[in-house]
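Reviewing the structure listed below.
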Amino acid sequence: MLSNSLSELDRAHWVHPVASLRGHEAAGVRVLTSAKGAHVTEMGGRDLIDGFSGLWCVNAGYGQRSLIDAASEQIETLAYATGYFGLGSEPAIRLAAKLAERAPGDLSHVFFTMGGSDAVDSTIRYIQLYQHAKGTPERDQFISVEHGYHGSSSLGAGLTALPAFHSGFQVPHRWQHKIPSHYAYRNPVGDDPQTIIANSVAELRAKVAEIGAERIAAFYVEPIQGSGGVLVPPPGWMKAMCDTCHELGILFIADEVITGFGRTGPLFASSEDGITPDFITTAKGLTSGYVPMGAVFVSDRIYQTIAEALGEQAVGHGFTYSGHPVSAAVGLAALDLYEGELLENGRRMGERLQQGLQGLADHPLVGDVRGRGMLAAVELVMDKVAKTPLPAASAPSQRLFDRAWEAGLVIRAFANGVLGFAPPLCCTETEIDQILDRTRTVLDRTLDDPEVRAEMKG
Ligand code: PLP
């Protein structure tokens, strides 16, 4: 099929996720045809380095033989088995057990979903049930963090704190509240780590006092805020927030949909942060994006409270594909890869990536470089002292993405002129260096952008 006819079919029929419908119709689709390791091939044969692992999910890289074999063997032997009616399959049982063994603290129970949004949604449902089971149904208020992303389901989108996910959608709900982000580069209290931590704790306490301490069910946060622009909290921030929540009787949910499975180094960023959340949500890297799957980790205390209160009564929450055997088989194979050598390689390549990006800090457009492991961002500004963002007239999101694409690099370009990086953990040193070289090309070309130049001179 000719690429232009594909383009017409796409324009006419596929409603793309999180896209401007008119913008997409005008720009057209870019079709990927194959991929191997950290490389993707565009229709027509051009090779690019995928510096974003698809959508921060292909942590193991493309074409991993053991993942392909796990999926195809499982489809052949048992393509589907429900978890309803007391049924199950070996891969789902083994994956639940292996995940529980590796999770922090007493997070020893696993509920499987199809992805991250329904994982977040499932936690909301379980938390509501838990509060009823415990005899505290009045704890029905939820708090999350500005710039946070917790998916786009009708409940989770209200925990998400990005305007596009609210506008026109009747969220957030009245029971969904926000506190400011730690966003060190633009925090009104400055960038001193201890001041940021103390201030965030104070803001959480103030919000709790405003709503009423006895009303709060749970607090949601990503260990690193991903879709908000890769905002990395100071070391100790997650622990301080988790401790504060527990002191106040509030459940703490770490949304590790991006940070899980080696993205920041270990299997779970929460382990590195030294915390045991009450729930952890994961997806993406769980199956390295090869097949859809998410997993909600539930603490033993919460599980037992619900189990005890409900007795013989069923928990009315589940999906046809909860614990899908093909996804579970891929999840098991992915775990083997991570624990084989991928986590270690990811750690080494992450250091190279972070150091290399720091080397771009002297570029006239670079205001901030931040990240951890194989997760990073470069924030572009017009003026390093005033931290003025790129002008809207320079269409940062589209033009930065296009320039990277032309340079043979896939990255995320956030609307406010932030470049996001999340390369596969299998990257070689050469590939990391190519990501860095191509990023410098993007920065130089952006400096030549007439709209940027006009503002810089002004
Ligand atoms: N939570 C976080 C932290 C995410 O980054 C995402 C997706 O990027 C989600 C939830 C939603 O996951 P999904 O797109 O699989 O529904």
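The values are calculated or read from the model by the stated rules, or taken from the named source; none is laboratory data. Worth saying up front: this structure is predicted, and the values here are computed from it rather than measured. Methodologically, a virtual Cβ is constructed for each residue, glycine included, from the backbone with ideal geometry; neighbour enumeration extends over all protein chains shown. Ligands, DNA and RNA are stripped out before the accessible areas are found, and what is left, the full protein with its side chains, is counted by its heavy atoms. Shrake-Rupley method; radii C 1.70, N 1.55, O 1.52, S 1.80 Å.
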- Task: Being open to solvent by 90 Å² or more (accessible area, probe 1.4 Å) and within 16 Å of the ligand (Cβ to nearest atom) is the filter here, so list the residues in the stretch 1-44 that pass it.
- Result: VAL15, PRO17, VAL18
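When you check VAL385 against the structure, is it free of Cβ contacts under 8 Å to residues at least 40 places away in the same chain and open to solvent by 10 Å² or more (accessible area, probe 1.4 Å), yes or no?
Numbers: free of Cβ contacts under 8 Å to residues at least 40 places away in the same chain: yes; open to solvent by 10 Å² or more (accessible area, probe 1.4 Å): yes.
Answer is yes for this residue.
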- Message: Step by step: first the residues of the stretch 291-349, then only those that are open to solvent by less than 50 Å² (accessible area, probe 1.4 Å) and among the polar types (S, T, N, Q), then the one that is nearest to the ligand (Cβ to nearest atom). Which residue is that?
- Response: SER327
- Item | Residue list for the stretch 221-244, restricted to those being in contact with a Gly (Cβ under 7 Å, 6 or more places away or on another chain) and on the phi < 0 side of the Ramachandran plot | VAL221, GLU222, GLN225, GLY228, VAL232, LYS239
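Looking only at the stretch 223-232, filter to residues that are open to solvent by 10 Å² or more (accessible area, probe 1.4 Å) and under 26 Å from LEU342 (Cα atoms); which one of those is farthest from the ligand (Cβ to nearest atom)? Explain how you work it out, then say what you get.
Just the residues of the stretch 223-232 that are open to solvent by 10 Å² or more (accessible area, probe 1.4 Å), to begin with: 227-228, 232.
Those still in the list that are under 26 Å from LEU342 (Cα atoms) too: 227, 232.
On the way: SER227: 5, VAL232: 14 Å.
Taking the candidates together, the pick is VAL232.
Is it the case that the stretch 419-434 has a residue that's open to solvent by 20 Å² or more (accessible area, probe 1.4 Å), over 26 Å from LYS284 (Cβ atoms) and either part of a loop (DSSP other than H, G, I, E, B) or modelled with pLDDT of 95 or more (or both)?
Kept after step one, since they are open to solvent by 20 Å² or more (accessible area, probe 1.4 Å), are these residues of the stretch 419-434: 426, 428-431, 433-434.
Cutting the leftovers down to over 26 Å from LYS284 (Cβ atoms) gives us none.
No, because not a single residue in the stretch 419-434 is open to solvent by 20 Å² or more (accessible area, probe 1.4 Å), over 26 Å from LYS284 (Cβ atoms) and either part of a loop (DSSP other than H, G, I, E, B) or modelled with pLDDT of 95 or more (or both).
Residues are listed down the side, and each one gets a yes or a no for (1) surrounded by 20 or more Cβ atoms within 10 Å (Cβ to Cβ); (2) at pLDDT 95 or above; (3) within 16 Å of the ligand (Cβ to nearest atom); (4) farther than 20 Å from LEU204 by Cβ:
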position	(1), (2), (3), (4)
ALA100	no, yes, no, yes
LEU107	yes, yes, no, yes
GLU146	no, yes, yes, no
LEU159	yes, yes, yes, no
- Please work out if VAL120 is within 16 Å of the ligand (Cβ to nearest atom) and part of a loop (DSSP other than H, G, I, E, B). no
- Item | Unique match (being at pLDDT 95 or above, in contact with a helix residue (DSSP H, G or I) (Cβ under 6 Å, 6 or more places away or on another chain) and within 30 Å of ALA386 (Cα to Cα)) among PRO234, PRO188, PRO193 | PRO234
- In the stretch 92-108, what residues are touching a residue at least 24 places away in the same chain (Cβ under 8 Å) and either among the acidic types (Asp, Glu) or outside any helix (DSSP H, G or I) (or both)? ALA103, PRO104, GLY105, ASP106, LEU107, SER108
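Just to be sure before I move on: is ALA295 among the aliphatic types (A, V, I, L, M), in a strand (DSSP E or B) and touching a Leu at 6+ places or on another chain (Cβ under 7 Å) in the structure I sent? Please lay out each step first, then the result.
Details: among the aliphatic types (A, V, I, L, M): yes; in a strand (DSSP E or B): yes; touching a Leu at 6+ places or on another chain (Cβ under 7 Å): yes.
It is true that ALA295 is among the aliphatic types (A, V, I, L, M), in a strand (DSSP E or B) and touching a Leu at 6+ places or on another chain (Cβ under 7 Å).
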- Query: Across the stretch 241-290, which residue is nearest to the ligand (Cβ to nearest atom) among those that are open to solvent by 30 Å² or more (accessible area, probe 1.4 Å) and assigned to a loop (DSSP other than H, G, I, E, B)?
  - Reply: GLY289
